[in-house]
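Asker: Quick one: the structure is below, questions incoming.
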Amino acid sequence: MTVFASAARSFAALVREIPDSRWDGPGLGEWDLRSLVGHTSRSLITVSSYLQTSASREDIATPQEYYVRVTGSALGLDPADVVQRGRQAGRDLGDDPAATIDGLVARALGDVEAADDPLIEVIGGLGIRLSTYLPTRVFELAVHGLDIARATGLDFALPDEVLDEAVTLAARIGVALGKGETVLLALTGREALPPSFSVV
């Protein structure tokens, strides 16, 4: 809860710094900046919406397993649908995106604080504990926060606890995907990462 709150608040603070003139500019890949911020906001929206569900069993036991099992290819998702969801989420930010994000943060943090640690149902109908799901949202907020900062040229430093959790999870995803040795050799300066290497 504490690290998720830190990630959510740092994201909201970054969005408040985005100049009005930049919202229609480049974001990431096929997304403009508004769509990128909208996509990132879904890390808040899904927490609140998934807390309204209940799973009958725990299908996913660790955050890294989430990234192995909840992928477009594993679930048969069309990448174009992901792009469109991001664009719609961007439109849903409305005329005052910063205020909308602030509201989403307040709602998500309030929902988490009131929830204990239930089994929730995520995309694909898979069951996962809230405490296992939240680190995946920290990861998304951290990575896309850096994407937003790069797209806008804004200075942005992730809180240490957020960066620690995101980097640790990235390494664990690499291990879960069978790429742990590649990650370890790169992090210790033995070898460079292969072109286009990614754990997500």
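Asker: Note down all Cβ pairs under 8 Å where the first residue falls in the stretch 100-118 and is without any contact (Cβ under 8 Å) to a residue 60 or more places away in the chain, the second is hydrophobic (A, V, I, L, M, F, W, C), and they're at least six residues apart or on different chains.
Answerer: Thr100/Leu93; Asp116/Leu130; Asp117/Leu130
Asker: So which residues in the stretch 71-90 are small (Gly, Ala, Ser) and at pLDDT 75 or above? Let's see the steps before the verdict.
Answerer: From the stretch 71-90, those small (Gly, Ala, Ser) are 72-74, 76, 80, 86, 89-90; that's our starting set.
Scanning the stretch 71-90 gives Ala80, Gly86, Ala89, Gly90.
Asker: What's the number of the only condition in (1) under 17 Å from the mean Cα position of the chain (by Cα); (2) closer than 20 Å to Ala8 by Cβ that Thr152 fails to meet?
Answerer: Against the list (1) under 17 Å from the mean Cα position of the chain (by Cα); (2) closer than 20 Å to Ala8 by Cβ, Thr152 comes up short only on (1).
Asker: Taking the stretch 112-146, which residues are over 13 Å from Ile60 (Cα atoms) and β-branched (Val, Ile, Thr)?
Answerer: Val112, Val138, Val143, listed by residue number.
Asker: Quick one: count up the residues across the stretch 122-147 that are of a type in the set (D, E, K, R) and surrounded by fewer than 18 Cβ atoms within 10 Å (Cβ to Cβ). Before the answer, list the steps.
Answerer: Initially, the stretch 122-147 is screened for residues of a type in the set (D, E, K, R), giving 129, 137, 140, 147.
Imposing the further condition that a residue be surrounded by fewer than 18 Cβ atoms within 10 Å (Cβ to Cβ) reduces the set to 129.
Residues in the stretch 122-147 being of a type in the set (D, E, K, R) and surrounded by fewer than 18 Cβ atoms within 10 Å (Cβ to Cβ): 1 in total.
Asker: Then there's this: Please list, ordered by first then second residue, the pairs with beta carbon atoms under 9 Å, 6 or more apart or interchain, first in the stretch 1-29 and closer than 18 Å to Phe139 by Cβ and at pLDDT 95 or above, second part of a helix (DSSP H, G or I) and aromatic (Phe, Trp, Tyr).
Answerer: Ala7/Phe139
Asker: Residues being out of contact with any strand residue (DSSP E or B) (no Cβ under 6 Å at 6 or more places or on another chain), surrounded by 13 or more Cβ atoms within 10 Å (Cβ to Cβ) and of a type in the set (A, V, I, L, M): count how many of those fall in the stretch 58-81.
Answerer: So the count comes out to 3.
Asker: Okay, next question. On the basis of being in contact with a strand residue (DSSP E or B) (Cβ under 6 Å, 6 or more places away or on another chain), surrounded by 12 or more Cβ atoms within 10 Å (Cβ to Cβ) and in a helix (DSSP H, G or I), does Ala151 make the cut? Break it down stepwise before answering.
Answerer: Working: in contact with a strand residue (DSSP E or B) (Cβ under 6 Å, 6 or more places away or on another chain): yes; surrounded by 12 or more Cβ atoms within 10 Å (Cβ to Cβ): yes; in a helix (DSSP H, G or I): yes.
So Ala151 passes the test.
Asker: Given the conditions (1) surrounded by fewer than 18 Cβ atoms within 10 Å (Cβ to Cβ); (2) touching a residue at least 24 places away in the same chain (Cβ under 8 Å), report the number of the one that Ala89 does not fulfil.
Answerer: Against the list (1) surrounded by fewer than 18 Cβ atoms within 10 Å (Cβ to Cβ); (2) touching a residue at least 24 places away in the same chain (Cβ under 8 Å), Ala89 comes up short only on (1).
Asker: Let me ask you something else. Could you check how many residues of the stretch 60-119 are under 16 Å from the mean Cα position of the chain (by Cα) and either hydroxyl-bearing (Ser, Thr, Tyr) or in a loop (DSSP other than H, G, I, E, B) (or both)?
Answerer: Matching residues across the stretch 60-119 total 5.
Asker: Return the residues of the stretch 2-57 that are in a helix (DSSP H, G or I), open to solvent by 50 Å² or more (accessible area, probe 1.4 Å) and either closer than 18 Å to Asp155 by Cβ or not hydrophobic (A, V, I, L, M, F, W, C) (or both); say none if nothing qualifies. Steps first, answer last, please.
Answerer: Step one: filter the stretch 2-57 for residues in a helix (DSSP H, G or I), giving 2-16, 20-22, 33-50.
Pick out the ones that are also open to solvent by 50 Å² or more (accessible area, probe 1.4 Å) and you get 2, 9, 16, 20-22, 34, 42, 45.
The answer is Thr2, Arg9, Arg16, Asp20, Ser21, Arg22, Arg34, Arg42.
The values are calculated or read from the model by the stated rules, or taken from the named source; none is laboratory data. Values in this document were obtained by computation on a predicted structure and should not be read as measured data. Because the Cβ atoms are built from the backbone with ideal geometry, glycine has one as well, and the counts that use them run over all protein chains shown. The area values use the complete protein model at the heavy-atom level, side chains included, leaving out ligands, DNA and RNA. Shrake-Rupley method; radii C 1.70, N 1.55, O 1.52, S 1.80 Å.
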